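One structure below.
Read-outs: derived from the displayed coordinates by stated rules, not from any lab. All figures in this text were calculated on a predicted structure; none of them were measured in a lab. Glycine gets a Cβ as well: all are built from the backbone with ideal geometry, and neighbour counts include every protein chain shown.
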Amino acid sequence: MAFPLPSHLPRRKDQQDVSTKILTKISETTVKSLTSELAVSWVAELEQTIAHTKGRIRERVQADLPSFEQQLSSARTIQERLQTLTQNVDQLSGQLSHPESGIVPVLLTALTRHAALAQDSLDAEVASNAMSHLQRCRDGFEEFSQLVRDGRLPEAGAACTNLEAMLESSPDPLPQTSIMSDVKRNYAAMKARMEEQLADAYMRSVSISTLELIVRPSVQVRQSETILPLSAVLSSLTPGALTSHLATLRRDIIHHVNHILNQPTSISVSSASDLSGITEHRLSLTPSPPNSPDLPSRLANLSLVLSFLNDHLLPQLPLTERHQFPLSLCKPLRAAMLNHFLIPSLPSSASLLPRFLELVQQARQFEAEYIGSMLGDSSTEQDIRTWADGVSQHYERKRREELLQHGRLIVVGLEDESQIFYIDLQIVSDVEEKVPDLPAQADPEPIEENADAAWNFDDDLPSGNPPAPVPKTEGMAAEDNADENGWGFDDEIEPEPEPEPEPNPESTPVSHVDSASAETTAGNNAAYAEGDAWGWNDDDDSETLNDDDNPWDDPWNEQPAAEEAPKSKPKPARGLEKLSSKGKADLYSPPVQSPVPVVPPPPTPMMPSTVSQTKHAIPLPIQTKAAPVIETYMVSGRARDLIQHVHSVLTEGAELASSSVFSAHSVPSTSLGAVLSQAAPLTLELFRAIYPVTFSSAISESPKRSMRFSNDCLYLSAELDRTLRSLDLALSSVKSRLEESRDRFKILSESWFEESINRQCQLVNEILDGAEGFVDTTDQDRYDDCENAVNRTLQRVRNVAQQWKTVLNKSKYYDAIGAVVDAALSRILPDILALPDITAEESHRLSELCRILNALEGLFVENPEQPSFVVAYVPSWLKYSYLSELLEASIADISYLFEEGALIDFEIEELVKLVQALFADTPLRATTINKLLRGHPAQQ
């Protein structure tokens, strides 16, 4: 790219000739400035320039005149030679291209005549060859047609091959002719006729129907008098047709083999000749009665069929198929004998094994004699012999499958409530706390194994207290509502009456056992856990059994200790002496004994509590050896059927392992019976896998059904433990699987027990969601909503308790229902304690709402004359009971209870917030809060 010149530099003007300059001047001259003088000047300038140019030319020529003359002479010579050459070219062109005498037209005419003669010669030759080939094709077709019409099908096949080769090798123009198309069409029709005659001859030579197999060594061709042997017919078939017919023949033979092996049949073989002299061999099958399943006869019938084929059909096959076709029958025959004869004939009982093993030996001989020798299968793949060597394993696998199917039917079967039974559980603790001087009571009668037994606690309830109906709650199954009232949960204790103005203080009994009492009896609980035969609580993390004494130490053999008459002294707090005594209860009283709620005494603020005076009135307990306590729990009939099925499987496996029935018929196995015995742990695995899924809706909707499933797992675990202790040494291979099942059932029982409790706790929480944190209870609508939520919670817990009571044993029942009650109280406590401001009306209403659930204490009373043991199973009970009274207590009452250590269950922050919410900001409240902030008296 050139470097651009700056625009300010001057440009070189283009050189122009004279004419251009003159023309430029003419163009630049306007009409007004054009004059004659100007035009004359332009002409003169032009003439002057012409003269100047001529002068320069002359001077130039004169300057080099010899050279100019030489160039001029050369130019004239060239011009003359050019004229001569042009004349010669014109003359030559006339000689070549003249229409009459020119060389080119004459040559083209000669070549045209020569090409025409060559084409005529070629056409004649092609026509001659085509006619000659067409004549040979016609002769071949005539010969082929005559052979087909005469029924000489083998010769016709050879002629067909030759004719087809001629048609394929036709000269090039001939295949496009119409006559060749006609020849090919006639040939195809005749060939189809020949193939049809061959197929017809084969079908009449080898005829297989449902009950007959006919082989004719020779056959007469239709529409002719020619009789052809079967071997010639098979040899004349085209390779494709022969392969197709043999495949159909193989299928029909295997179908007959399957028919013979599947059902009893009688076989007859006969030979006869028709009127034309053609012999036919017939094998007839006649169905036998189905009640005569003679299995060895089926092998004999199959031997007859193979012998018939080997004598009359196989020798007629072409040489190319005479060895291959019998070999193609070997594998289907082996598969048919295994799948339709030996495997379906596997017995379901060990008593039938000897006859079956004889049949297996006959099958092995059949394979060696007929499939190996007759059909020529010399390969090492002898499936029947291999299967027979492992017949013991095959029997065990089939029997295991049948046993597993029976176990599955037990698992998925419908629940039969009439099969429910109860299991006795012996609970033994190392020591028993017993108060002397109590009248002995008779031991409870043993519980019968029926659904109506329960624990017979209704017999101890007062007759004058009729049961109250329990409303039905959502989610309860219909079967659970139909159960009887197991422990009389409808006989609930009425809510505590309002305090009377002047009660007799001497009648105030020792009240509930507090948490301090529970701590003193923790050692006994540990002894109880060690003496638990089933180890139910090995993984239990709840505080109920870890912190409290065994609630089921025989309470019927104990008597309440004689109490010293309390001195008639005024009480220091208004209406709270009972609550104060809750925190100071006798440390040696059994945790199952909780006093019946009594009317609180009037306030006597100037005198100390009588609890300290009555505290040592009860003598220390005497530790004696505890008698075993029998508890029962419900188990479904399904679990019993399942464990019985497992026992029958193990028994059968042990009998098979100790028998020698397979010693002479199969390869020796050191683990005989091991495969069959695996049906026992596999059945248990089926139960664990299928039952919770199949009945998931019923289990989740019914608390009773859920706990009963936990009991079923516990029962199965215990039965498996007993089974393992008496397990036969021959079944040691399944011991680890059974131990695993035992442990899994134990874990499953505990997990479902916890899951059932958690589900009910969640439902209780959902019901209490309707209270919306007990806010604004001064509003009547809000109070009604809260009251409805608490009442529904009460009904729900009662209903669940009623269902669980008939299912669980005592210990687990109180653990379970105590956890549900504690979940309800633990939900209400933080909601009320979290209220920032509680008016006097709200405190009264909240106290009324809290007292509704006091009726749940009746769930933990077995004898109305004995105190309840709710504190042992509901850790939040004392705290909840104090809360209902603290809501209506004065600051002095709260301060007094705090100093006495009765509010030990409350956190300091909770008490401070409660005081701030209940009372106005006064110096007395500030002093009380400061006292609270110093901590509980026991912690100072």
Seminar exercise, completed: For Gln62 and Ser378, extending 7 Å from Cα along the Cα-Cβ vector and measuring point to point gives, in nm, a value of 13.0 nm
For this session: Take the cross-link list Lys735/Lys810; Lys704/Lys735; Lys704/Lys810; Lys398/Lys746; Lys735/Lys812 and give me the ones stretching past 22 Å between alpha-carbons.
Result: Lys735/Lys810; Lys704/Lys735; Lys398/Lys746; Lys735/Lys812
Exercise. Roughly how large, in nm² to one decimal, is the mean projection of the convex hull of the alpha-carbon atoms in the stretch 125-265?
Worked result: 9.7 nm²
Exercise. What is the Cα convex hull volume of the stretch 205-390 when expressed per residue in Å³?
Worked result: 120 Å³
Problem set entry | Theoretical FRET efficiency, 1/(1+(r/R0)^6), r = Cβ-Cβ of Glu358 and Asp252, R0 41 Å, to 0.05 | 0.85
Problem set entry | Karplus 3J(HN,Hα) series, Hz, for the stretch 198-215 with 6.51 cos²θ - 1.76 cosθ + 1.60 (x for Gly, Pro) | 5, 4, 5, 5, 5, 5, 7, 7, 10, 10, 10, 10, 5, 10, 9, 9, 10, 10
Problem set entry | Centre separation in Å (Cα based) which lies between the stretch 162-214 and the stretch 240-303 | 32 Å
Exercise. For Thr265, which sequence-distant residues (separation of 5 or more, or a different chain) have an amide H within less than 5 Å of its own amide H, given hydrogens modelled in the peptide plane?
Worked result: Ser288
For this session: Work out the length of the dipole vector of the stretch 43-84 about its Cα centre, built from +1 on the beta-carbon of each Lys and Arg and -1 on the beta-carbon of each Asp and Glu, and round it to the nearest 20 debye.
Result: 120 debye
Seminar exercise, completed: Amide H proximity to Thr632 below 5 Å, modelled H, separation 5+ or other chain, gives Leu425, Lys810
For this session: Compute the separation of the alpha-carbon centres of the stretch 313-381 and the stretch 687-724 and state it in Å as a whole number.
Result: 49 Å
Exercise. Using the per-residue mean of other Cβ atoms lying within 10 Å as a proxy for protection, in what order, highest first, do the peptides 871-878, 416-423 fall?
Worked result: 871-878, 416-423
Exercise. How many nm separate the modelled label positions at Ile690 and Ala192, each set 7 Å beyond the Cα in the direction of the Cβ?
Worked result: 6.0 nm
Exercise. Which of the GluC sites (Glu not before Pro) found in the stretch 364-410 are in a DSSP loop and have at most 13 neighbouring Cβ atoms, other than their own, within 10 Å?
Worked result: Glu381
Seminar exercise, completed: Counting only residues 5 or more apart in sequence or on a different chain, those whose built amide H sits under 5 Å from that of Leu228 are Val219, Gln220, Val221
